[in-house]
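Every read-out reported here was derived from the displayed coordinates using simple, explicitly stated rules and does not represent laboratory data. Owing to the predicted nature of the structure, the values given are computational and were not obtained by experimental measurement. FYI the Cβ positions are ideal-geometry reconstructions off the backbone, even for glycines, and counts take in every protein chain you see.
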Amino acid sequence: MTARNSFQGAPASMIPSSSSSSSTAASGLALADAAPRQMDGPVMDYFLIEVVNVLADSSKFATSRVKKIEQEMIEAGLMSASPPVPAKKEKEKEKEYNVRDSTTSLTSQKGTVKAEPLTDEEEAQRLRLEAIGLHVGANICERLCRDRPLFTDTLDMIKFICKDLWVACWDKQVDNLRTNHRGVYVLQDNSFKPISRLSSWEGRADATKRARMYVAMPAGIIKGALSRLGIQGVVVPEISSLPQCTFQIKLPKGS
Amino acid sequence: MPPQLRLNAVAFISPQNHPILIRPFSQSKDEQLKYHYLAHTSLDVFEERVNSGTKATESYLGLLFSMENAAVYGYITPLKMKIVLALALSDVVVRDADITTIFRALHMAYYHSVANPFLKLHTALDTSGDHSALMLAGSPKWESFRRRVDEIGRAAGAQV
């Protein structure tokens, strides 16, 4: 995703074709320093927006398929009917869905947004987006770490994420980094790129609710980058007011 | 690469100290096990270099040690992945810049292979960062990785 705003297609191939046996230093350099492939900037933005919509349809289909199978099994008597899970809850904590816990508790403490926990389908969609983000984040991290010196400590790694990763993915740096020095970091971006242009004709609240799905993949990217760096952390995105977004990173004890 | 450099073997070791790929370039069969042993020995040197001293911020670790007929160079990425290069001992002056270029090309080859999402299609969605379980070096999926490493080896003057 580096240098996205250009119309260059994929440049010459990375590996020099048919290197002869008398290859010189030039071909070695070509392998080491091949220019990154580039892609049109706005195309990337459109693509990322569409990914969310496509996965919404796809996960709706997947969950309806699973529900149908469950229904068949119940009717055949193979499975006892599970108690129906209430779709919308206000302030009660439900132990099964941990993500619902975190969204309701965090945002209801803030008091700004009335949090509605995600439905089953939305949860499935969010998980898939996060899985994609995990893979992308890990590999971007691998690529960005090529020419830099080794990391000194965890704070250095978080700073690397705030600067290099954010610039590579979203063209700016994180605006505010806070930490309690005990493994919790809060990254605040005042104008987060994926949701900066998001609006809904139903009003601000609805736009904020829909934006949650669009930050699932960025949260996955951060989580993937962290896992490649060797830290297993939990990343929770929160949107209090568009286009501001904060990511809370919780690292396990001892790091 | 000046063809006087004779590359004997390349080894990739994951951040969890599992071997990813050990590729000897020599012809004889009985030498191949030697390079497994060599990669294992170099792990100790990596740990010692990384833990000692506060100013250990270079990726390229230079000459780790030399054995009977091989000089072993090491490189550690900020993500703790290690690459080990065994060169045949000779009187030719070996330039750091050349070796660093080889290491960077190897790192890129690893990155290109690991970035391929189709290789992990059928594993769990949220794996931890450990790839070595997926990366059993003999599996046919990693063919292109081995091909890339061979390519670099050829460019560096090894006889593949």
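Using a 10 Å cut-off on Cβ atoms, rank the peptides A:186-198, A:218-230 from the highest mean neighbour count down.
By packing density, highest mean first, the sequence is A:218-230, A:186-198.
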- prompt: Share of Cα-Cα pairs in region B:60-101 beyond 13 Å, in percent?
  reply: 53
Distance (nanometres) between label positions extended 7 Å along Cα→Cβ at A:GLU72 and A:VAL167: 5.5
query: Hey, what do the phi angles of region A:55-66 turn into as Karplus ³J(HN,Hα) couplings, whole Hz, using 6.51/-1.76/1.60 and θ = phi - 60°, x for Gly and Pro?
result: 5, 4, 4, 5, 6, 4, 4, 5, 5, 5, 5, 5
message: Spelling out what I want: for every residue of region A:160-173, take phi, set θ = phi - 60°, compute 6.51 cos²θ - 1.76 cosθ + 1.60 (Karplus), and round to whole Hz; glycine and proline get x.
response: 4, 5, 5, 9, 5, 5, 5, 5, 5, 8, 10, 6, 7, 9
task: Please report, largest first and rounded to whole Å, the three semi-axes of the ellipsoid equivalent to region A:120-254, where each semi-axis is the square root of five times an eigenvalue of the C-alpha gyration tensor.
output: 25, 16, 14
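Would you mind giving the mean number of other chain beta-carbons within 10 Å of the Cβ of each residue in A:223-230, as a whole number?
On the way: counts 1, 2, 1, 1, 5, 8, 5, 7.
For peptide A:223-230, the averaged partner shielding equals 4.
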task: Of the options A:GLN125, A:THR179, A:LEU165, report the single residue whose Cα projects farthest towards the positive end of the charge dipole of region A:120-254 (beta-carbon charges: Lys, Arg +1; Asp, Glu -1).
output: A:THR179
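Note the full-extension length gain between A:VAL184 and A:SER200 as 0.36 nm times their separation in residues minus their Cα-Cα distance, in nm to one decimal. Can you show the working numbers first?
Working: separation 16, 0.36 × 16 = 5.76 nm, distance 3.26 nm.
Using 0.36 nm per residue and subtracting the Cα-Cα distance, I get 2.5 nm.
How do A:PHE247, B:PHE65 line up, fewest other C-beta atoms within 10 Å first?
Details: A:PHE247 22, B:PHE65 14.
Starting with the residue having the fewest Cβ neighbours, the order is B:PHE65, A:PHE247.
Give A:LYS163/A:LYS223; A:LYS250/B:LYS82; A:LYS163/A:LYS193; A:LYS67/A:LYS209; A:LYS159/A:LYS223; A:LYS159/A:LYS250 a once-over and call out the pairs whose C-alpha atoms are over 18 Å from each other. The partial results should precede the final answer.
Values: A:LYS163/A:LYS223 15 Å; A:LYS250/B:LYS82 28 Å; A:LYS163/A:LYS193 15 Å; A:LYS67/A:LYS209 25 Å; A:LYS159/A:LYS223 14 Å; A:LYS159/A:LYS250 15 Å.
Check vs 18 Å cut-off fails for A:LYS250/B:LYS82; A:LYS67/A:LYS209.
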- request: Return, for the Cα atoms of region A:175-255, the radius of gyration and Dmax in Å, separated by a comma.
  value: 13.7, 46
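Run the numbers on region A:120-254 and let me know its relative contact order in percent, using alpha-carbon pairs under 8 Å that are six or more apart.
Numbers: 204 pairs, mean separation 44.8, N = 135.
Taking the mean separation of contacting Cα pairs over the length of region A:120-254, I get 33 percent.
If R₀ is 60 angstrom, what is the calculated FRET efficiency for the pair A:ASP120 and B:MET67, using the beta carbon separation as r and rounding to 0.05?
Values: r = 59 Å, r/R0 = 0.99.
Once rounded, the FRET efficiency stands at 0.50.
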